[in-house]
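Enquirer: Pasting a structure here, questions to come.
The values are calculated or read from the model by the stated rules, or taken from the named source; none is laboratory data. Computed from a predicted model, the values in this text were never measured in an experiment. Cβ atoms come from the backbone with ideal geometry, glycine included; neighbour counts cover every protein chain shown.
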Amino acid sequence: MSAISAQLLTGVAYGMLYFMIAAGLTIILGVMNVVNLAHGTLFMLGAYIAFTFINEELNFWIALFLAVFLTAIFGLFLEKWLIKHVYGKELEQVLLTFGLSFIIADAVEWIWGTEMHTLPVPDLLSGSLSIGDTAFPVYRLFVVFIGCLLALLLWYLETKTRIGAIIRAGVDDRAMVSALGINVGLVFTGVFAFGAALAGLSGVLGGPLIGMYTGMDSEILVTSLIVVVIGGLGSWKGSFIGAIAIGVIETLGKVWFPSLSMLTVFLIMMIVLIIRPQGLFGREVA
Amino acid sequence: MKKLLLGVVLLIALVFAMPLVLSDFGINLATEIYIMAIFAMSLGLIMGYGGMVSLGHAGFFGIGAYTVAVIGQHVANTYLLLLLSVVISGLIALVTGAVFIRTSKFYFLMITLAFGQLLYVLFWQLKPWTGGADGMSVSAVMNFGFGEIVSPNALYYVMGIAFVMSYFLLYLFVGSPAGKITRGVMENEARMSALGYNVRVYKLLVYTLSGSLAGLAGALYAYFNVFVSPDLSSWMFSGQVMVMVIIGGVGTLLGPALGASVFVYLQNFMSTYTERWPMIMGGLLVALVLAGKGGLIHWLQHGRHFLVFRKQTGKAVSQQPVKKGEAVH
Amino acid sequence: QSSTSSGSGSDDKGGGSGGSVKIGFILSQTGTFAPLSEGIVNGFQLYLEQHNGMLGGKKVEMKVEDDEANPQVALRKYRQLVHGEKVDILVGPISSAVAYALRDEVEKDKKVLIDANAAGDDLSWSKKSDYVYRVSFSNWQNGSSTAKYLAEQVGKKAVILAPDYPAGKEVLRAFKAAFEAAGGKVLKEIYPKLNTNDFAPYLQEASAEKPDFIYAFFTGSDGIRFITQYKEFGLKGKIPLTGPLEFGDELLTQPTGEAAEGIIAGINYSPYLDNEQNKQFVEAYKEKYGKLPNIFAVQGYDSAAAIDQAINKAGSLNSQDLIKILKGISLDSPRGKITIDPATHNPIQNFYISKNVLKDGAIVPQILETVENVKMPEASPF
Amino acid sequence: MSLLKVENISKSFKTLQVLRNVSLEVGPGERHVIIGPNGAGKTTLFHCITNILPIDAGAVYLDGKEISKLPAHRLVHLGISRTFQKNNLFGDLTVEENIHLALAAKKPYRYDIFSPLTVRSDIRKETNDILEQWEIADRRHVKVKHLSYGEQRLLEVLLAMASNPKVLLLDEPTSGMSPAETAQTAAMIQKLPRSIALVVVEHDMDVVFSIADRITVLHHGEVILSGSPDEIRNNEMVKKIYFGGGAKQHA
Amino acid sequence: MLELQDVHSYYGTSYILQGVSFSVPQGKCVALLGRNGAGKTTTIHTIVGLHKAKQGSIRFKDQPIESLPPHQISRLGIGFVPQGRRIFPSLTVKENLTMPARKRKQEGRGHWGLERIYELFPVLKERENNFGTQLSGGQQQMLAIGRALMTNPEFLLMDEPSEGLAPVIIDQVGEIIVQLKEAGLSILIVEQNISLACKAADVILIMNKGKIVWSGSPDELMVNEDVQHKYLGVSA
Ligand SMILES: Nc1ncnc2c1ncn2[C@@H]1O[C@H](COP(=O)(O)OP(=O)(O)OP(=O)(O)O)[C@@H](O)[C@H]1O
Ligand SMILES: Nc1ncnc2c1ncn2[C@@H]1O[C@H](COP(=O)(O)OP(=O)(O)OP(=O)(O)O)[C@@H](O)[C@H]1O
Ligand SMILES: [Mg+2]
Ligand SMILES: [Mg+2]
């Protein structure tokens, strides 16, 4: 395999990781229009919960399941108790979720300490495939696979169920939706919990790649925000393509313009927004 | 007009009375709070009167600060340096704003985030001029022609006066035709355009104004802190000012200033009392949202109106909610 | 960390024994540097506990402040500690940028700052201050210590990597100079950005040069990712990985586990170091905190020891008296004896070339060679 | 010479052609009503005239000067003003502030950033005049979003008139108004000085026939007929596609 | 079918509904008329639960509904055509229709589905992939009516359904109402178009300043010019 195609593959895999990280936010910010600055901490929470279970000698997959389940429950209560009060009020969302991220991140530090950790790659997926003269980790291929699966899931939910339409309508005019006989509150709670679950899931799956440390939440958050914005709010397709584009460009950029690497993602975002102020696939405001 | 004068006189009295009750460190902290208040008011202007929420405002603050730090190595005149800070940050706001205002809402937030980050990296990588990530000391000393201003008390008065002046200018702007029109643009851009306004001019105007004011805050900060580093433009700092503005009260002028003082105060002392300060800080933010009156300033207003209503019993109590931004001036 | 008052010292701050001393800490307790700060505070408190909460015969009051690794915040905390709390001695900071910012201030206020971590070279050279004394180590020491050994024992061709920030540049600069002086050749220098999630492209780039070994300096989360990805992409076992002390420290070897096996690092401390002082230290630390100490804990411990000795010998809290003692002070550190070099205010200390080996599921450094008394040049050679 | 002249304009949304070669002339002071079935393209025509939507072909002239490429806000200064079919107001501002904004658009001090707007006596007086003339002075401090629908509708028209235009485009000014308010509005429109030319889209036939000098019928984006009220009233085709049985009382 | 008894309602401190009582019998159409700001929309909103009454009872099919949340009220079989259309801008025409769709308990002759709506308003089918707000005003009104029908209600509340519609379509709406009545629906309609109201309704109510001030049959209204003039402002 030539150097460039190796880099491309790395880039795509990396982009998939981005997509996975941002998937939960695609729903909560993109579709539900909730500026969720706690996304990174939910990610972190998922990883740390799984870490605890794995330390208790639980199987990776069981730990994964439990972590996702628990973050979903957490998200559920978050929505029911707090987020519910701030739909449609962006600035209050900012304050609320910012405060939440402080609380959760500090709680994580309190419970799990400040030391860094990683999640082990499950045995099944450890090792690497050699492609030509470069080795490619199996686990990354797995992440690519999961990323595709997530994209499919989102596609299904969007096109084959009414959930997507209910949420969008609920954001437009919540009262009207409820007057049409739909329990918007319930749907929003469920979808928020689902978004939280996705954040938790990506935390667990990202754990072996990114590691776990205090301060990871804000890095993850910024990355996710950028992915969602480049793709255009409300478009999982945009996030998907945007994430992969970032992954590839960033990977190639590391080799070609190493001095710019601190800025690559930001520059990509800036250029995209200058050319398309509503992101790649964002809906134009009617 | 009379109300305004009264307000300004009150503010000045406050500024001058504070040192009587404050410790050395208290004066120092108050000085910093004035600077942050100017900064927060500048962001509050575009957020509350222009509907533009920026996550890159610290970029302008950094420009102002680095202008004093870098150019101050060669130029001593304080007037000139302050002017340069304001002009440079204003110009950059004008140029970048022309591009950024094409985006709206969340996209605007993110493009300004990128802008702030750009400056952050720039300050970080132009090591020969800026000292890079390690930052640089500021050699310029404030001097308005009455001798060097270095003592904590002298700096305190300068920053206090700067704060009152900034407030005064913003007050004028907000009540002026351009200010009211900007407010209208924030409410309904399309209709303003159909009423015959060139909305981009107003958005750009307020963005530039806000950028140059942030630059001024940064310049003052450089004098105060005598050390600058890229962190001045980091998105975390931008995020912090944003929080100051929101907790203080969006859509008012003094709200952000109040938010700045509360935030800086808490940030400074909370960690002294507890290791778990982020949790408490987070808890306070959440509680503030749940209490649901908007910013702190609205609490004050509420208190004040309560008093006023008590006094004028008999008079019908207006059912209209307090008009944002008016009652506090 | 809030103020921990040990004992109820009286307020008189006269000379000699008796009275109390207030020590202000400026550390980075939130964010990526949090574990370092925790280690330093733990080490310091352990020392206090072993000495009845007293340093130099005075009851100690600790004030710990979080600088968020931001010089601007640090300066505010500094003012609070020095002007508000009126602390006698400062201990801190983690980040070199903060150290440079504080340096001018302590100079102005004539406060002693015990540098418990910040490794910036210039603190010993162009920005050396009479009031700042480092008990940890400098980037120069960290980078240069292994170079000779590697050139002689591992290979002459190396690719070197570090994050694109001052510490990274300083470590590599020191390594490169020493390595080339020993006859080695650096094929390529690579500087990924700080907080790189994906090192794959760099690893591919580095291995394409076919070096004899790779020398890398990464700390914190970058370190974890670098080491695990080194293994993931199949470089482990193919090209030897080497690095400065971080690659041999618990903080990184613990989370990376088996992936860190085989790395050759130039460390200045390990809980497995065989000396009496260390054994006692490790024992006590484990008992108090339930985990092994790392180099940062030692730095905290040594900060306390330095202050203890300085006050004792100076017989006062007066900065002028203290700095006379601090210049050239020697400590029996768990890492062995260290001496603050009066010329650089940086400790002269041993480094150990070690290899990470897997023992009972944990990574343990196996010492290959000792580099004695590594000492910084008096002025910048660069 | 005609004041407003629309010449062969066309407009498509992707594959859907909404306006086909529409031409229209409005003389000074003329009351010109446009009717047509829902979706005929009336609102789109207004959007094209005011350049809120760019036109694909054709041109718009005011006083013989082409204005089709000018940005929307410039047109107000040339003398074209309009209302929207869907209320388009400043919900969080009060009635008075809404009117202030509409009035200030043509003031020379609109870029002033220092002296308070409210000390300008001209704007205060004009605002008072409007509020009193329309008997809504008691509502002046009410936030617009708290007005009932019909009240908002009225304000919509008032904002457009505030700029004192030469041509006023009204898109269904009376929709949502009660018969009382409708009659009042129709009377107000009739009373407008003849210095203002009106182009009105309206579905209420009472209003249409009470104000129109001339009526143009739009259907599927084409002008199918333009003539005096009587011509329109008696046209079989218009009866079929537009009036239906509801027009019986007018026919 | 629907019964309001002494309903009082406020916005903040402004007293809007000042004791409203009326009922809509099964299979009948009642029209509520009144000037702008009289409180008609408030009445409707109070029934569907978008606004809570301070006092008074609302019963639907003999069940009190005044404290139920809107979605539960709707599910009892109440369809709602709001004033100002309130089409969802982020949804396509088709989604606007399918999103709230509900099956009728027994699917049968009276069942409303996508096809039937498209049959009624063919233009909606032509525009089915456009976003709701890309429709013309009148088309949006059709969509709003279609959307309410898609919930297959037993009771329909319409707030000024003829607003913005061309006269031919208003006729059509009148016919639809008659058809719906025949299919067993009960209807409460708020209208400004008196001739439509008189054509479709069995009973006319007139509201003024938050009170029902007159009620009677359409014929009675047509002859009572005094009432027309006083409360509706229709000049003779
Ligand atoms: N943004 C758009 N995208 C696509 N189609 C549109 C758009 N805006 C309008 N249309 C279509 O153009 C046609 C004309 O719409 P327009 O709003 O001009 O009708 P109108 O004559 O004003 O009707 P009404 O009397 O119902 O208001 C309609 O069929 C509408 O569906
Ligand atoms: N959200 C609100 N807050 C305060 N007052 C309101 C609010 N909504 C309506 N009102 C007031 O309540 C009164 C009744 O309004 P409502 O909308 O019920 O009138 P309506 O009869 O439907 O009028 P229209 O024919 O104009 O639609 C009006 O005076 C209006 O200003
Ligand atoms: Mg129209
Ligand atoms: Mg109404």
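Enquirer: Got at least one residue in segment A:237-249 being assigned to a helix (DSSP H, G or I), more than 9 Å from chain C (Cβ to nearest Cβ), within 23 Å of A:Arg276 (Cα to Cα) and hydroxyl-bearing (Ser, Thr, Tyr)?
Expert: Yes.
Enquirer: Out of A:Leu201, A:Leu209, A:Leu225, A:Leu273, report the one residue that is crowded, with 22+ Cβ neighbours inside 10 Å, away from chain C (no Cβ under 11 Å) and either out of contact with any helix residue (DSSP H, G or I) (no Cβ under 7 Å at 6 or more places or on another chain) or farther than 24 Å from B:Leu55 by Cα (or both).
Expert: Answer to the selection: A:Leu201.
Enquirer: Here are some residues: A:Gly181, A:Gly164. Which one is among the small types (Gly, Ala, Ser), outside any helix (DSSP H, G or I) and surrounded by 22 or more Cβ atoms within 10 Å (Cβ to Cβ)?
Expert: Unique residue meeting the criteria: A:Gly181.
Enquirer: Follow-up. Restricting attention to segment B:110-123, which residues are under 13 Å from A:Phe266 (Cβ atoms) and either more than 7 Å from every other protein chain (Cβ to nearest Cβ) or aliphatic (A, V, I, L, M) (or both)?
Expert: B:Met110, B:Ile111, B:Thr112, B:Leu113, B:Ala114, B:Phe115, B:Gly116, B:Leu118, B:Leu119, B:Tyr120, B:Val121, B:Leu122, listed by residue number.
Enquirer: If you take the residues of segment D:10-40 that are under 22 Å from D:Ala186 (Cα atoms) and either within 16 Å of ligand 2 (Cβ to nearest atom) or part of a loop (DSSP other than H, G, I, E, B) (or both), which of them is nearest to the other protein chains (Cβ to nearest Cβ)?
Expert: So, considering only residues that are under 22 Å from D:Ala186 (Cα atoms) and either within 16 Å of ligand 2 (Cβ to nearest atom) or part of a loop (DSSP other than H, G, I, E, B) (or both), the one nearest to the other protein chains (Cβ to nearest Cβ) is D:Asn38.
Enquirer: Of all residues in segment B:252-280 being within 10 Å of chain A (Cβ to nearest Cβ) and modelled with pLDDT of 90 or more, which is surrounded by the most Cβ atoms within 10 Å (Cβ to Cβ)?
Expert: The residue in question is B:Met279.
Enquirer: May I pose another question? Mind checking which residues of segment D:92-131 are more than 7 Å from chain B (Cβ to nearest Cβ) and under 20 Å from D:Ser148 (Cβ atoms)?
Expert: D:Thr94, D:Val95, D:Glu96, D:Glu97, D:Asn98, D:Ile99, D:Ile130, D:Leu131
Enquirer: Also, I was wondering about something else. Kindly indicate whether D:Thr43 is away from ligand 2 (no atom under 16 Å from the Cβ), more than 11 Å from chain B (Cβ to nearest Cβ), part of a helix (DSSP H, G or I) and of a type in the set (Ser, Thr, Tyr).
Expert: Yes; evaluated as a whole, the condition is true for this residue.
Enquirer: Okay, next question. State all residues of segment B:164-196 that are out of contact with any helix residue (DSSP H, G or I) (no Cβ under 7 Å at 6 or more places or on another chain) and either outside any helix (DSSP H, G or I) or polar (S, T, N, Q) (or both); if no residue qualifies, say none.
Expert: Across segment B:164-196, the qualifying residue is only B:Asn188.
Enquirer: What helices (runs of 4 or more DSSP H), lying completely within segment C:189-267, carry at least 3 residues that are over 18 Å from C:Ala158 (Cα atoms)?
Expert: Fully inside segment C:189-267 and qualifying: C:220-232, C:250-256.
Enquirer: Of the residues in segment E:63-88, how many are more than 21 Å from E:Gln140 (Cβ to Cβ) and hydroxyl-bearing (Ser, Thr, Tyr)?
Expert: 1
Enquirer: Oh, and also: Could you please let me know if D:Leu169 is at pLDDT 85 or above and within 16 Å of ligand 4 (Cβ to nearest atom)?
Expert: no
Enquirer: What number of residues in segment C:231-248 are away from chain A (no Cβ under 11 Å) and not small (Gly, Ala, Ser)?
Expert: Number satisfying all stated conditions: 8.
Enquirer: Only one of E:Glu163, E:Glu191, E:Glu182 is closer than 26 Å to E:Ile73 by Cα and within 16 Å of ligand 3 (Cβ to nearest atom). Can you tell me which?
Expert: From the options E:Glu163, E:Glu191, E:Glu182, the qualifying one is E:Glu163.
Enquirer: Can you tell me how many residues in segment C:29-66 are small (Gly, Ala, Ser), facing another protein chain (nearest Cβ under 10 Å) and in contact (Cβ under 8 Å) with a residue 40 or more places away in the chain?
Expert: 2
Enquirer: Sticking with this structure for a sec: Of all residues being more than 11 Å from E:Asp159 (Cβ to Cβ) and in contact with a Gly (Cβ under 8 Å, 6 or more places away or on another chain) in segment E:37-59, which is farthest from the other protein chains (Cβ to nearest Cβ)? Just the residue, please.
Expert: E:Gly56
Enquirer: For segment C:214-238, give me the residue count where each residue is touching a strand residue (DSSP E or B) at 6+ places or on another chain (Cβ under 6 Å) and surrounded by fewer than 21 Cβ atoms within 10 Å (Cβ to Cβ).
Expert: 1
Enquirer: Another one. Out of (1) crowded, with 22+ Cβ neighbours inside 10 Å; (2) not in a loop (DSSP other than H, G, I, E, B), what's the single condition that is false for C:Ala178?
Expert: Exception for C:Ala178: condition (1).
Enquirer: Another question about this same structure. Consider A:Phe102 carefully, then state whether it is touching a strand residue (DSSP E or B) at 6+ places or on another chain (Cβ under 6 Å) and either within 14 Å of chain B (Cβ to nearest Cβ) or of a type outside the set (Ser, Thr, Tyr) (or both).
Expert: So A:Phe102 does not fit the description; no.
Enquirer: Would segment E:135-143 turn up any residue that is on the phi > 0 side of the Ramachandran plot and within 16 Å of ligand 2 (Cβ to nearest atom)?
Expert: no
Enquirer: Residues of segment A:9-45 being hydroxyl-bearing (Ser, Thr, Tyr) and closer than 19 Å to A:Phe142 by Cβ, which ones?
Expert: Within segment A:9-45, A:Thr10, A:Tyr14, A:Tyr18 meet the criteria.
Enquirer: Taking segment E:22-51 as the search range and keeping residues that are assigned to a strand (DSSP E or B) and surrounded by fewer than 20 Cβ atoms within 10 Å (Cβ to Cβ), which one is nearest to ligand 2 (Cβ to nearest atom)?
Expert: This residue is E:Phe22.
Enquirer: Another question, then. For D:Arg74, which of the numbered conditions (1) away from ligand 4 (no atom under 16 Å from the Cβ); (2) surrounded by fewer than 18 Cβ atoms within 10 Å (Cβ to Cβ); (3) over 30 Å from D:Lys11 (Cα atoms) fails to hold?
Expert: (3) is the only condition that D:Arg74 fails.
Enquirer: Has segment D:144-151 got any residue that is more than 16 Å from ligand 4 (Cβ to nearest atom) and either farther than 20 Å from D:Phe90 by Cα or part of a loop (DSSP other than H, G, I, E, B) (or both)?
Expert: no
Enquirer: I'm told C:Ser37 meets every condition in (1) part of a helix (DSSP H, G or I); (2) surrounded by fewer than 22 Cβ atoms within 10 Å (Cβ to Cβ); (3) not aliphatic (A, V, I, L, M) except one. Can you identify the failing condition by its number?
Expert: (2)
Enquirer: Could you list, in sequence order, all residues of segment C:298-321 that are surrounded by fewer than 24 Cβ atoms within 10 Å (Cβ to Cβ) and either more than 29 Å from C:Leu245 (Cβ to Cβ) or without any contact (Cβ under 8 Å) to a residue 60 or more places away in the chain (or both)?
Expert: C:Asn312, C:Lys313, C:Ala314, C:Gly315, C:Ser316, C:Leu317, C:Asn318, C:Ser319, C:Gln320, C:Asp321, listed by residue number.
Enquirer: Within segment E:148-177, take every residue that is in a helix (DSSP H, G or I) and touching a residue at least 60 places away in the same chain (Cβ under 8 Å) and give me the one that is nearest to the other protein chains (Cβ to nearest Cβ).
Expert: E:Ala148
Enquirer: Follow-up. Quick check: is even one residue across segment E:11-21 of a type outside the set (A, V, I, L, M, F, W, C), part of a strand (DSSP E or B), within 14 Å of chain D (Cβ to nearest Cβ) and under 18 Å from A:Ala175 (Cα atoms)?
Expert: Yes.
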